[in-house]
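Everything on this sheet refers to the single structure shown next.
The values are calculated or read from the model by the stated rules, or taken from the named source; none is laboratory data. Nothing here was measured: the structure is a model prediction, and the numbers come from that model. Glycine also receives a Cβ, built like all others from the backbone with ideal geometry; neighbour counts cover every protein chain displayed. Only protein heavy atoms, including side chains, enter the accessible area calculation; ligands, DNA and RNA are left aside. Shrake-Rupley method; radii C 1.70, N 1.55, O 1.52, S 1.80 Å.
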Amino acid sequence: MFGFCKCKVKLSFIYKNKAWFTSIKNLESLSRKVVCKTFKMVGVKQLNGMEINVLLTGDKEIQEFNKNYRGKNKPTNVLSFETGDELLLGDIVMSLATLKKEAVAQHISIEAHYVHLLCHGVLHLLGFDHIDDEEAREMEFFEIKILESMGISNPYE
């Protein structure tokens, strides 16, 4: 389903919620594939030394980030913090509790939803956004294509 893909981008993981270890099989190798596919699909060259940090946490901590950085005092599924640096791309924060709730509500696997959210976060680090309709369409186009290349259905249908 997820085929081999060589990725030059270093991913560093911080597990603040131990449930992440048992919720998604081979999470780190799956994540590398998602990052590789995302770079390839959008045509961004991977440079040696590129790095993304991934903080895997729960609702309480992500709610604090959401409140402090976006002014929204509620949990969310994923946040991205772009640095603007061409090598240290930024940080992605994800909440397992919200991810699981959304996956159940959407009748999809936790793994498929994780892939979508990570892809979404990486696209943000690469400069994509969804503030206006045109930007949202472009970002969704790439998400759909990346997920499709990994055998995952369009999440927007």
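On the given criteria, is residue 21 within 18 Å of residue 145 (Cβ to Cβ) and aromatic (Phe, Trp, Tyr)? No. Is there a residue being in a loop (DSSP other than H, G, I, E, B) and either of a type outside the set (Gly, Ala, Ser) or at pLDDT below 95 (or both) anywhere in region 86-95? Yes, some residue in region 86-95 is in a loop (DSSP other than H, G, I, E, B) and either of a type outside the set (Gly, Ala, Ser) or at pLDDT below 95 (or both). The residue that is nearest to residue 114 (Cα to Cα), counting only those in region 130-144 that are under 15 Å from the mean Cα position of the chain (by Cα) and open to solvent by 50 Å² or more (accessible area, probe 1.4 Å), is 140. For region 54-77, the criterion of being touching a Leu at 6+ places or on another chain (Cβ under 6 Å) and of a type in the set (D, E, K, R) is met by none of the residues. Selection of region 17-26 for residues being assigned to a helix (DSSP H, G or I) and out of contact with any strand residue (DSSP E or B) (no Cβ under 8 Å at 6 or more places or on another chain) yields 22, 23. Tallying residues that are touching a residue at least 60 places away in the same chain (Cβ under 8 Å) and out of contact with any Asp or Glu (no Cβ under 6 Å at 6 or more places or on another chain) within region 4-50 yields 18.
Condition test on residue 101, is it open to solvent by 50 Å² or more (accessible area, probe 1.4 Å), more than 24 Å from residue 149 (Cα to Cα) and not in a loop (DSSP other than H, G, I, E, B)? The answer is yes for residue 101.
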